[in-house]
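Encoded as structure tokens, the structure appears first; notes follow it.
The values are calculated or read from the model by the stated rules, or taken from the named source; none is laboratory data. Everything numeric in this text was worked out from a predicted model, so none of it was measured. FYI the Cβ positions are ideal-geometry reconstructions off the backbone, even for glycines, and counts take in every protein chain you see. Quick note on the areas: whole protein, heavy atoms, side chains included, nothing else; ligands and nucleic acids left out. Shrake-Rupley method; radii C 1.70, N 1.55, O 1.52, S 1.80 Å.
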Amino acid sequence: MTGPPFIIKDLGTTRYESVLEIQRRLHHEKTLDRTGADTIIITEHRHVLTLGRSADPKNLLAKEELERLGVQVVPTERGGDVTYHGPGQLVVYPILDLKRNGISVSKLVYLLEDIGIRFLALYGLEGLRSPVGRGVFVEDRKIEFIGVAIKKYVSYHGLSFNVSPDLRYFSLIRPCGIEGLKVTSLVQELGT
């Protein structure tokens, strides 16, 4: 990136809605003043399902169980369908001025996938891009999910990487709206 330095904000474990409001505020501030540093938010959310702009409510497979477990469902402006966020999942939200950094939307998505691929390589695992969707896979199992929003050339939302989440939550939805999508985690792949 060619822009000024960026700020990393590690928020620890958070409620999704509070971080969504932080993203929206930072995004708004960035569109008003493009001279400041870009921001990268890192967090781990409490149990939540987020619905992208193209989400189909039919992809919530077990609404009663979700309610019983207290899992909130939050509509968002990001791309994609439904996904799960929860403990054991690393979430990264880049609030970047794409124009100033010379990054197209497709390049941003490519870079977010590259983060997961490089992270997996640190553990001796091969991360793969999918020819039919966005994100990162280990063989045919999805481990990194991507959903971004771009408004006025500034990005928000981002990626989630499964380190050690309870994968049973993914069985309550049709992740990304894809029938039969297998989901994995770093812990599951390493067997530790």
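Hey, any hits in segment 77-93 for a residue that's among the hydrophobic types (A, V, I, L, M, F, W, C) and at pLDDT below 95?
Taking every residue of segment 77-93 in turn, at least one turns out to be among the hydrophobic types (A, V, I, L, M, F, W, C) and at pLDDT below 95.
Being on the phi < 0 side of the Ramachandran plot, modelled with pLDDT of 95 or more and of a type in the set (A, V, I, L, M, F, W, C) narrows it down to one residue among L20, L69; which is it?
L20 is the lone residue from the list that is on the phi < 0 side of the Ramachandran plot, modelled with pLDDT of 95 or more and of a type in the set (A, V, I, L, M, F, W, C).
Consider K9 carefully, then state whether it is open to solvent by 50 Å² or more (accessible area, probe 1.4 Å) and modelled with pLDDT under 95.
Taking the combined requirement at face value, the residue does not satisfy it.
Quick grid of which residues meet (1) of a type in the set (A, V, I, L, M, F, W, C); (2) closer than 17 Å to F161 by Cβ; (3) in contact (Cβ under 8 Å) with a residue 12 or more places away in the chain:
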site	(1), (2), (3)
D10	no, yes, yes
G36	no, no, yes
V48	yes, yes, yes
P57	no, no, no
L61	yes, no, yes
L69	yes, no, yes
V73	yes, no, yes
D81	no, no, yes
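Six or more apart or on different chains, Cβ atoms under 9 Å: show the pairs whose first residue is in segment 148-159 and under 18 Å from E44 (Cβ atoms) and whose second is buried (at least 22 other Cβ atoms within 10 Å of the Cβ) and acidic (D, E).
L159/E144
Looking only at residues in segment 106-142 that are β-branched (V, I, T) and in contact with a helix residue (DSSP H, G or I) (Cβ under 7 Å, 6 or more places away or on another chain), which one is nearest to R25 (Cα to Cα)?
V136
Any idea which residue in segment 38-66 is modelled with the lowest pLDDT, counting only those that are of a type in the set (G, A, S) and within 18 Å of the chain's Cα centre (by Cα)?
Top of the filtered list is S54.
Take segment 105-137 and flag every residue that is of a type outside the set (S, T, Y) and over 17 Å from the mean Cα position of the chain (by Cα).
Answer for segment 105-137, where residues must be of a type outside the set (S, T, Y) and over 17 Å from the mean Cα position of the chain (by Cα): A121, L122, G124, L125, E126, P131, V132.
Condition first: touching a Ser or Thr at 6+ places or on another chain (Cβ under 7 Å), farther than 13 Å from L112 by Cα and open to solvent by 10 Å² or more (accessible area, probe 1.4 Å). Now tell me which residues in segment 143-164 satisfy that.
Listed by number, the residues that qualify are K152, V163, S164.
With G70, G86, G102 as the choices, which residue is within 15 Å of the chain's Cα centre (by Cα) and more than 20 Å from R53 (Cβ to Cβ)?
Within the list G70, G86, G102, the selection yields G86.
Take residues that are of a type outside the set (S, T, N, Q) and open to solvent by 50 Å² or more (accessible area, probe 1.4 Å) and tell me which of the strands (runs of 3 or more DSSP E) falling wholly in segment 18-136 contain 2 or more.
72-75
Going through P175, P131, P165 one at a time, which residue ends up being modelled with pLDDT of 95 or more and at negative phi?
P165
Determine, yes or no, whether L167 is without any contact (Cβ under 8 Å) to a residue 40 or more places away in the chain and not hydroxyl-bearing (S, T, Y).
When the stated conditions are applied, L167 passes them.
Just the residues that are closer than 17 Å to F145 by Cα and charged (D, E, K, R), please, taken from segment 57-83.
Scanning segment 57-83 gives E77, R78, D81.
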